[in-house]
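Working notes for the structure below.
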Amino acid sequence: MQNVYVVTHAQSLHHIQDLAGGWYDTSLTEKGVNQAEKLADFLYGEISISGIPVYSSDLKRAFETAEIIARPFHSSVIQDERLREMSFGDAEGKPREWRNEHITPLPEDGDRLNHRIYKNAETRKDVGTRICEYLDEIISKNDEYLIIVSHGQALTFIIMAWLKVPVENMDYCNFRAAPARVTYLQKDDLYGNRNVVYVCRDIM
């Protein structure tokens, strides 16, 4: 049986400054550090096995969360840019007023997959493609337990990739995510089914 715990990074400076995240690179707040420590306690209580792989986005807020989580496991953090949040292009680091003025909303019908919500932003297809590629890569190692630390918008694509949803069908789905939440994915040995045990559990 394979057990995958996906963590949305803890509170970061851009949250309290109300700035767009994406690839805008900010560190954890003091509250975020405390949240990450609680996440570490929870996950070690769930797993209690040293040396399990901990994968993380290379953006500061995710990597700093992952480093704290990895400590009780005596694990090193493996960073990869493919676990990054969706890039918001020209909106990154911008205040809410700017974002409201420049947004191009997703169409209800039409080509949502290749839509860019801001100029130079990634599309859903871009994000889905890179996350599917990376998830397939790490899942194929068949570790019994692993932890992935990523981002709120990226979580939707991680779950869809886990469920083997083709990228061309990733145009509508969304899972609401908040900082410092845990999602638990599990693959059974008998049928090879990929289960979503729970999404965005609040352990604070």
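Side notes on the structure shown:
- Beta-bridge orientation, the chain: approximately 55 percent antiparallel, per DSSP, counting only bridges with both partners inside.
- Hz values of 3J(HN,Hα) by residue in the stretch 188-204 - Karplus curve (6.51, -1.76, 1.60), Gly and Pro given as x: 8, 6, 6, 10, x, 5, 9, 9, 9, 6, 7, 10, 6, 6, 8, 10, 6
- Loop trypsin sites (Lys or Arg not before Pro), the stretch 71-127, which have at most 15 other Cβ atoms in a 10 Å radius of their Cβ (DSSP): 112, 119
- Cα→Cβ-extended label distance, 7 Å offset, between residue 96 and residue 144, nm: 4.7 nm
- Only Cα pairs under 8 Å and 6+ residues apart enter the sum, and on that basis the relative contact order of the stretch 1-87 stands at 32 percent.
- Cα centroids of the stretch 61-79 and the stretch 127-156: 15 Å apart.
- Among the chymotrypsin sites (Phe, Trp or Tyr not before Pro) within the stretch 145-188, those in coil by DSSP and having at most 15 neighbouring Cβ atoms inside 10 Å are 172.
- Sites excluded, GluC sites (Glu not before Pro) in DSSP loops with at most 14 other C-beta within 10 Å, longest stretch of the chain: 1-107
Read-outs throughout are calculated quantities, based only on the coordinates presented, and are distinct from any laboratory measurement. The model shown is predicted, which means the values in this text are computed figures rather than measured ones. Note that each Cβ is placed from the backbone with ideal geometry, even for glycine, and that neighbours are counted across all protein chains shown.
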